[in-house]
Each structure stands twice: as C-alpha cells, then as structure tokens.
Amino acid sequence: MATKHVNDGGTVLERQEAKLKPPAMYQVFLLNDDYTPMEFVVAVIQQYFNKDRETATQIMLKVHRDGKGMCGVYPKDIASTKVELVLTHARKAGHPLQCVMEEA
Ligand code: TYC
C-alpha cells in the first residue's frame, strides 16, 4: 500500500510499504541420462553454475546416482536463461543432457 505523507514544505510524498514480495525463486536441476559424459556434466556445472571442480563433481555424481541434482537457486528469468544456455550447449555438443527448473 502506498501511503501519502505531507512534509514541512507541503510536498506530497508517497511511501511504498511492505508490499513488494521477494521474487519467487527457482531451483535448477540436471537430470541423469546414460550418454552424456561425466566430464561434460562437470564442465557444465562449473561454467554455468559457478561451482569449483570439486563441488561440480559432487553434484554430477549425485545426479548420476539419484537421477537428479540441484545446481543452484535463482530468480525466474535467471533460472530460465541458465536452462536454455545449458540445453543449447549440450545439443551443440550432441549430448542429451536435460536441465529443468522448479519453483523453490
Ligand atoms: N550417467 C552419465 C554417464 O554415466 C553421467 C551423467 C551425469 C549424465 C549427470 C547426465 O546430468 C547427468 N556417462
């Protein structure tokens, strides 16, 4: 709600109060498949999700074992851009790697 305040000089000021919700956040996941090389997945996680090599390797192995693993949490437009960039990179390299987002 915007409430109006009048200051000493008679100027009307509007103040925005406690109305703006924080943006919805989205988790970005990689999904397992039988064909994408492990090394390619590790490089993707490092490049697109800003993880060091050790963290990227742990995430890749979790995806490999459990079928799915979380790479990061971002506002909607950033999550969506990451999904598209990863899919484009994987397809150009000829790999079936899948990347999806879910509201956190
Ligand atoms: N399962 C793949 C293999 O054995 C490796 C892999 C890991 C693929 C994670 C996709 O998101 C993935 N080569």
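Go through the stretch 47-94 and name the trypsin sites (Lys or Arg not before Pro) that are in a DSSP coil and have 11 or fewer other Cβ atoms within 10 Å of their Cβ.
Answer in residue order: no site qualifies.
Under a crude label model (7 Å from the Cα following the beta-carbon direction), how far is residue 24 from residue 93 in nanometres?
3.0 nm
For labels at residue 103 and residue 73 in the simple 7 Å Cα→Cβ model, what's the distance in nm?
1.5 nm
All of the numbers you see were taken from the coordinates with simple rules; none came from a lab. No experiment lies behind these values; they were computed from the predicted model shown. Note that we place each Cβ from the backbone using ideal geometry, even for glycine, and neighbour counts take in every protein chain shown.
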